[in-house]
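Engineer: Sharing a structure here in structure tokens format.
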Amino acid sequence: MPGSKIIIKLKNTTMMKLYKFHGAGNDFLIADARRDTVNLSQEEIVHLCDRHTGFGSDGLMVIGNSNDTAFKMKFYNPDGTSGMMCGNGGRCISAYAAMTSANDERHFVFEAPDGLHESWIEAGPETDALGDCTRVVRLKMSDVKEFKKYDDTSYFFNTGARHFVTAVDDVDHTNVYANGRAYRYFDTRFAPEGVNVDFVQVRDGVLHVRTYEKGVENETLACGTGIVATALAAYMMGVQPESVENGVVRYAVQARISLLHVEFEPEKKASGNITFNNIYLTGPATYVGEIEVDL
Ligand SMILES: N[C@@H](CCC[C@H](N)C(=O)O)C(=O)O
């Protein structure tokens, strides 16, 4: 298997492997319940994801067997909360499924918290000088049937996870941590669950986005459901897409360290409502290495 390998044996008992991936810098630990017995408590998830006292990640996923699809994905935030979709997680778990498949499979249908998803390995695997191994993964997201407009530059979308998207004049100098926390914790519009917050600025036809993620309670380097929400909001704000072909709208979205693409088909209903169908998120998913733990 390509990628660097770190084996950490804490005690000499039964071990569970965890695979470290990142999707555009949004990093995850993956446990494989198809092979190992995975029975993690919330406390253990919080510990594993902790950047100081654990291994560190923006979330943990469990890949499991499914009766009807290639696999089942369960996602946990680093605070142990779950029940939502994770876009970059969906791309990373697809890269992991490809990496562990017998015949280098490149297309998957899988179950996730918000329903069925389909993914394709579009390019790779390509190993870099550090031994990290990247695949370009295209992920079909759930259609979005409803959203909320607050004003011309701010929208709420549920793209599998809850997102508030707001346009800013200078995203590089936006205080994502302070402003994100203010919306997440103190804005009654999003209570009691809270919200992820995406700050976007359009520059040279590209959406530059920075996201405060709830559950991480900080800025992450990218957030897949947030990148999708940002592209849908940009469409509603009248931002010129990178292309429109046969009804398919495409935006380029620059997260902190990677460029991703979002495609979708907007549909205007007789009621005047707009829905977003056939939404795809495409970007890199990188295998970093594996660790072996006992808890
Ligand atoms: N990073 C994820 C989103 C994870 C869920 C989010 N933190 C929440 O609590 O809603 C992505 O790539 O979509």
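The values are calculated or read from the model by the stated rules, or taken from the named source; none is laboratory data. Predicted, not measured: the structure shown is a model, and the values here were computed from it. Here the Cβ positions follow ideal geometry from the backbone for every residue, glycine too, while neighbour counts run over all protein chains shown. Surface accessibility is based on the protein's heavy atoms, side chains included, excluding ligands, DNA and RNA. Shrake-Rupley method; radii C 1.70, N 1.55, O 1.52, S 1.80 Å.
Engineer: State which residue pairs qualify: first residue modelled with pLDDT under 95 and inside region 213-227, second residue open to solvent by less than 10 Å² (accessible area, probe 1.4 Å) in any location, beta carbons under 8 Å apart, and separation of 6 or more residues or different chains.
Structural biologist: Final answer for the pair search is none.
Engineer: G160 - would you say it is buried (at least 19 other Cβ atoms within 10 Å of the Cβ) and assigned to a helix (DSSP H, G or I)?
Structural biologist: Numbers: buried (at least 19 other Cβ atoms within 10 Å of the Cβ): yes; assigned to a helix (DSSP H, G or I): no.
No.
Engineer: Being aliphatic (A, V, I, L, M), within 15 Å of the ligand (Cβ to nearest atom) and outside the structural domain of E267 (by TED's automatic domain parsing) is true for just one of V209, V165, V137, V253. Which residue is that? Walk me through how you get there before you give the answer.
Structural biologist: On the way: V209 fails: outside the structural domain of E267 (by TED's automatic domain parsing); V165 fails: outside the structural domain of E267 (by TED's automatic domain parsing); V253 fails: outside the structural domain of E267 (by TED's automatic domain parsing).
Answer to the check: V137.
Engineer: Which one is surrounded by the fewest Cβ atoms within 10 Å (Cβ to Cβ), of the residues in region 41-77 that are in a loop (DSSP other than H, G, I, E, B) and within 18 Å of the chain's Cα centre (by Cα)? Talk me through it step by step, then tell me what you get.
Structural biologist: First, the residues of region 41-77 that are in a loop (DSSP other than H, G, I, E, B): 41, 50-59, 65-70, 77.
Add one more test, that the residue is within 18 Å of the chain's Cα centre (by Cα), and what stays is 56-59, 77.
Numbers: G56: 14, S57: 24, D58: 26, G59: 27, N77: 22.
Restricting to residues being in a loop (DSSP other than H, G, I, E, B) and within 18 Å of the chain's Cα centre (by Cα), the top hit is G56.
Engineer: If you scan region 198-219, which residues turn out to be touching a Ser or Thr at 6+ places or on another chain (Cβ under 7 Å) and either more than 15 Å from G89 (Cβ to Cβ) or crowded, with 24+ Cβ neighbours inside 10 Å (or both)?
Structural biologist: Here is the first cut: in region 198-219, the residues touching a Ser or Thr at 6+ places or on another chain (Cβ under 7 Å) are 198-200, 207, 209-211, 213, 215, 219.
Result: D198, F199, V200, L207, V209, R210, T211, E213, E219.
Engineer: Can G215 be described as within 16 Å of the ligand (Cβ to nearest atom), closer than 30 Å to E44 by Cα and part of a loop (DSSP other than H, G, I, E, B)? Walk me through it before giving the result.
Structural biologist: Numbers: within 16 Å of the ligand (Cβ to nearest atom): yes; closer than 30 Å to E44 by Cα: yes; part of a loop (DSSP other than H, G, I, E, B): yes.
Here the answer is yes, as G215 does meet what is asked.
Engineer: May I pose another question? Say whether the condition of being outside any strand (DSSP E or B) and closer than 16 Å to S66 by Cα is met by at least one residue in region 115-135. Give the derivation first.
Structural biologist: Just the residues of region 115-135 that are outside any strand (DSSP E or B), to begin with: 128-132.
Remaining after also requiring closer than 16 Å to S66 by Cα: none.
No, region 115-135 contains no residue that is outside any strand (DSSP E or B) and closer than 16 Å to S66 by Cα.
Engineer: Can you confirm whether region 225-233 contains a residue that is under 22 Å from V168 (Cβ atoms), touching a helix residue (DSSP H, G or I) at 6+ places or on another chain (Cβ under 7 Å) and of a type outside the set (V, I, T)?
Structural biologist: No, the conditions are met nowhere in region 225-233.
Engineer: Could you figure out which of (1) within 16 Å of the chain's Cα centre (by Cα); (2) open to solvent by 30 Å² or more (accessible area, probe 1.4 Å); (3) not small (G, A, S) isn't true of P192?
Structural biologist: The single condition P192 does not satisfy is (1).
Engineer: Does any residue of region 74-92 turn out to be in contact (Cβ under 8 Å) with a residue 12 or more places away in the chain, more than 15 Å from the ligand (Cβ to nearest atom), out of contact with any Leu (no Cβ under 9 Å at 6 or more places or on another chain) and not β-branched (V, I, T)?
Structural biologist: Initially, region 74-92 is screened for residues in contact (Cβ under 8 Å) with a residue 12 or more places away in the chain, giving 74-92.
After this cut, where a residue has to be more than 15 Å from the ligand (Cβ to nearest atom) as well, the list is none.
Within region 74-92, not a single residue is in contact (Cβ under 8 Å) with a residue 12 or more places away in the chain, more than 15 Å from the ligand (Cβ to nearest atom), out of contact with any Leu (no Cβ under 9 Å at 6 or more places or on another chain) and not β-branched (V, I, T).
Engineer: Another one. Surrounded by 14 or more Cβ atoms within 10 Å (Cβ to Cβ) and outside any strand (DSSP E or B): does that describe S142?
Structural biologist: Values: surrounded by 14 or more Cβ atoms within 10 Å (Cβ to Cβ): yes; outside any strand (DSSP E or B): yes.
Yes; evaluated as a whole, the condition is true for this residue.
Engineer: For a quick check of your reading of the model, give me the residue pairs whose first member lies in region 163-189 and is closer than 16 Å to T220 by Cα, whose second is of a type outside the set (G, A, S) and in a loop (DSSP other than H, G, I, E, B), with beta-carbon atoms closer than 6 Å and at least 6 apart or on different chains.
Structural biologist: Correct list of pairs: F164/V195; T174/V168; R184/V195; R184/K214.
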